[in-house]
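Asks: I have a structure I would like to understand better, so I am pasting it below and will then ask my questions one at a time.
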């Protein structure tokens, strides 16, 4: 075997290891009753937001693929329309996508959204929450939601949600959890 063949094999092995390592970064979604993984991201106001900032409140942590797309707009509108109901249940709505802060600013302005949208351009949080999917050649957030209780524990997980009825499903689950009829 010549040195060029050995180099080619070494490069191929390195590529396999690198691809394997990047795939391994995307964890499984955290399960019910686990501590919700904490994180720090920038909001549409370009302010730093940590999950632990919401301690003492319920958090609807929802991941969505892309600002200003039809399904994501429907989902955001429904959360916004139901905002007073979430307020009565002591729940904050927090959306996360891999879009940059500027995109969130535009989306919130265009759609009159008042809850926090967080930018995860490095894909750290979407990977931590096992919430990634392919969109063409890109990796975006999968449409998953985690209900986090005031102590920071995950109490309900919704995977691959339908954006149209989702806010109503989350509200119903939140009301049940608060009544003590949790899973």
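The values are calculated or read from the model by the stated rules, or taken from the named source; none is laboratory data. From a predicted model like this one, the values you see are computed outputs, not experimental measurements. So basically every Cβ, Gly included, is an ideal-geometry build from the backbone, and we count neighbours across all protein chains shown.
Asks: Could you grab me the full set of residues in segment 134-156 that are over 14 Å from residue 89 (Cα atoms) and surrounded by fewer than 18 Cβ atoms within 10 Å (Cβ to Cβ)? Talk me through it step by step, then tell me what you get.
Replies: Our first condition is that a residue be over 14 Å from residue 89 (Cα atoms); within segment 134-156, this holds for 134-146, 151-156.
Answer for segment 134-156, where residues must be over 14 Å from residue 89 (Cα atoms) and surrounded by fewer than 18 Cβ atoms within 10 Å (Cβ to Cβ): 134, 135, 136, 137, 138, 139, 151, 152, 153.
Asks: Also: Take residue 92 and tell me if it is touching a strand residue (DSSP E or B) at 6+ places or on another chain (Cβ under 9 Å), part of a strand (DSSP E or B) and either modelled with pLDDT of 95 or more or under 19 Å from residue 39 (Cα atoms) (or both).
Replies: On the way: touching a strand residue (DSSP E or B) at 6+ places or on another chain (Cβ under 9 Å): yes; part of a strand (DSSP E or B): yes; either modelled with pLDDT of 95 or more or under 19 Å from residue 39 (Cα atoms) (or both): yes.
Considered against the rule, which asks whether it is touching a strand residue (DSSP E or B) at 6+ places or on another chain (Cβ under 9 Å), part of a strand (DSSP E or B) and either modelled with pLDDT of 95 or more or under 19 Å from residue 39 (Cα atoms) (or both), residue 92 comes out as yes.
Asks: When you go through (1) over 13 Å from the mean Cα position of the chain (by Cα); (2) within 19 Å of residue 37 (Cα to Cα) one by one for residue 115, which number turns out not to apply?
Replies: (2)
Asks: If residue 140 meets every condition in (1) part of a strand (DSSP E or B); (2) more than 11 Å from the chain's Cα centre (by Cα); (3) over 19 Å from residue 82 (Cα atoms) apart from one, which number is that one?
Replies: Of the numbered conditions (1) part of a strand (DSSP E or B); (2) more than 11 Å from the chain's Cα centre (by Cα); (3) over 19 Å from residue 82 (Cα atoms), the odd one out for residue 140 is (2).
Asks: Residues of segment 54-79 being outside any loop (DSSP other than H, G, I, E, B), surrounded by fewer than 17 Cβ atoms within 10 Å (Cβ to Cβ) and modelled with pLDDT of 95 or more, which ones? Outline the logic, then answer.
Replies: So the first thing to find is which residues in segment 54-79 are outside any loop (DSSP other than H, G, I, E, B), and the list is 54, 58-63, 70-79.
This time we only want the ones that are surrounded by fewer than 17 Cβ atoms within 10 Å (Cβ to Cβ), so: 70-71, 74, 77.
Of everything in segment 54-79, those that are outside any loop (DSSP other than H, G, I, E, B), surrounded by fewer than 17 Cβ atoms within 10 Å (Cβ to Cβ) and modelled with pLDDT of 95 or more turn out to be 74, 77.
Asks: Residues that are in contact with a strand residue (DSSP E or B) (Cβ under 8 Å, 6 or more places away or on another chain) and over 22 Å from residue 34 (Cβ atoms): does segment 168-182 have at least one?
Replies: Checked against the condition, which is being in contact with a strand residue (DSSP E or B) (Cβ under 8 Å, 6 or more places away or on another chain) and over 22 Å from residue 34 (Cβ atoms), segment 168-182 yields no hits at all.
Asks: Please specify each residue of segment 152-183 satisfying the condition of being in a loop (DSSP other than H, G, I, E, B), closer than 20 Å to residue 55 by Cα and at pLDDT 95 or above.
Replies: We begin by selecting, within segment 152-183, every residue in a loop (DSSP other than H, G, I, E, B); these are 152, 159-165, 180-183.
Keeping just the survivors that are closer than 20 Å to residue 55 by Cα gives 152, 180, 182.
Within segment 152-183, just 152 meets the criteria.
Asks: Quick one: residue 103 ticks every box in (1) without any contact (Cβ under 8 Å) to a residue 60 or more places away in the chain; (2) in a strand (DSSP E or B); (3) surrounded by 17 or more Cβ atoms within 10 Å (Cβ to Cβ) bar one, so which box is it?
Replies: Single failed check for residue 103: (2).
Asks: Can you tell me which residue within segment 39-53, out of those that are free of Cβ contacts under 8 Å to residues at least 12 places away in the same chain and in a strand (DSSP E or B), is nearest to the chain's Cα centre (by Cα)?
Replies: Applying the filter and picking the extreme gives 40.
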